[in-house]
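Here's the structure, in structure tokens; my notes come after.
Please treat every number below as a calculation from the coordinates, not as lab data. Since the model is a prediction, treat every value here as computed from it, not as a measurement. Note that each Cβ is placed from the backbone with ideal geometry, even for glycine, and that neighbours are counted across all protein chains shown.
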Amino acid sequence: MQDPRIAAERILANVDRVIIGKSQETRLALVCLLARGHLLIEDVPGVGKTMLARALAKSTGCSFQRIQFTPDLLPSDVTGVSVFNQGTRDFEFRAGPIMAQVVLTDEINRATPKTQSALLEAMEERQVTVDGITHFVPDPFMVMATQNPIEYEGTFPLPEAQLDRFLMRVQLGYPSPTDEVLVLDAQQSSHPIESLAEVTSAGEVLELQAAVREIYVDPLVKQYIVTLVNATREHESVYLGASPRGSISLMRAAQAYAMLDGRDFVQPDDIKLLANATLGHRVIVSPGARVRNIDSAQVIEESIGRVPVPGVRARGGA
């Protein structure tokens, strides 16, 4: 296999042809895929959430399915159903859209909790069970879920157990005026996604995922991760802090980010950079703190400031 960084940069450059001016967010999405995680994108309509998922799938040669979540969507619409075949006199499994490699679940908070929970087994166990029979999802596998953080009427907020299954939560945000002009130029005659080419294969993505697990994480860095996560639990403005799954997710994301940066080791700066995206959706701020306009991002930032970085004293720091 070639240098993992070269393969990853090729994917990023290809996706950036479609998602203009959001290179850091694109990088985080690829980090999520390489760390074998799932991504939650919270943002207003029209900023490129769907295009990011499609561009990532096309660039990596992965199969893609989109599920539009609505209140009348059934769990079987997600997982698939068993249909009786008159010819063979037996039941056949008709796979649902969840059996793709990159699955976009659009407006996930529009569906009922029962349908939302149909994703849980696929996201965590990488399998679905229909009529007592287990069917494994393809590899690599990634769920990219979107939700509108502004309009809550007729929605069903994701429970903490399901939020915890997402490796990261990111916001794309509006492009700058200059980037928005570039978007108009790029789409004047046709959409760039239509001509986007495959620059790697699903098999190469699996090799990149395996390479991520080989990135070295020093015991001091692991202790730094655990101490930081504990700081979110002990913060005075927090009702519920990040879970141990949050510690694992932060380590995995840091390994993938280090590989994209051309390093074979994780450094504390990686942890700081990824802390909000990885832990923010796992931290529940207390009602009193919300009244004072304190959010999870501020809690994470304050927790980072309270935890000493490994090796500071050894370098003569305070």
Taking only the alpha-carbon atoms of the range 274-313, what semi-axes of the equivalent ellipsoid follow from 5 times the gyration tensor eigenvalues under a square root, in whole Å, largest first? 23, 12, 6
Long-range amide H contacts for T112: which residues qualify at under 5 Å (H placed 1.01 Å from N, peptide plane, sequence gap of 5 or more or a different chain)? L73
For the chain, what does the equivalent ellipsoid look like in terms of its semi-axes, each the square root of 5 times an eigenvalue of the Cα gyration tensor, given largest first in whole Å? 32, 24, 22
Based on the Cα gyration tensor of the range 183-318, what are the three equivalent ellipsoid semi-axes, each the root of five times an eigenvalue, rounded to whole Å and given largest first? 32, 24, 14
Under 19 Å Cα to Cα from K114, which aspartates and glutamates show up? Leave out anything in the same chain fewer than 8 places away. D72, D77, D106, E124, E125, D131, E153, E160, D164
What spacing in nm lies between the two simple spin-label points modelled at S82 and A210, each 7 Å away from Cα in the Cβ direction? 3.5 nm
Per the 1/(1 + (r/R0)^6) rule, R0 = 51 Å and r from the Cβ atoms of S201 and V226, FRET efficiency to 0.05 is 0.90
Inter-centroid distance (Cα atoms) of the range 20-79 relative to the range 217-286, Å: 22 Å
For the pair S23 and R245, how long in nm is the line joining their label points, each one 7 Å along Cα→Cβ? 3.4 nm
Name the most mobile residue of P75, P157, P287, meaning the one with the largest mean-square fluctuation, in a Gaussian network model of the chain with Cα contacts below 10 Å. P287
Once the in-chain neighbours fewer than 8 apart are removed, the aspartates and glutamates whose Cα is under 12 Å from K272 read E301, E302
So, R0 is 35 Å and r is the distance between the beta-carbons of F136 and R290; what FRET efficiency does that work out to, to 0.05? 0.30
Before anything else, pin down the relative contact order of the chain: Cα pairs under 8 Å, at least 6 apart, normalised by residue count, whole percent. 22 percent
Rounded to the nearest 0.05, what FRET efficiency is calculated for Q171 and R5 with R0 set to 30 Å and r the Cβ-Cβ distance? 0.70
Among K49, K22, what is the fewest-to-most ranking by other Cβ atoms within 10 Å? K22, K49
If you take every DSSP beta bridge whose two residues both sit in the range 1-138, what share of them, in percent to the nearest 5, is antiparallel? 65 percent
Exposure proxy order (Cβ contacts within 10 Å, fewest to most) of H191, H135, H281: H191, H135, H281
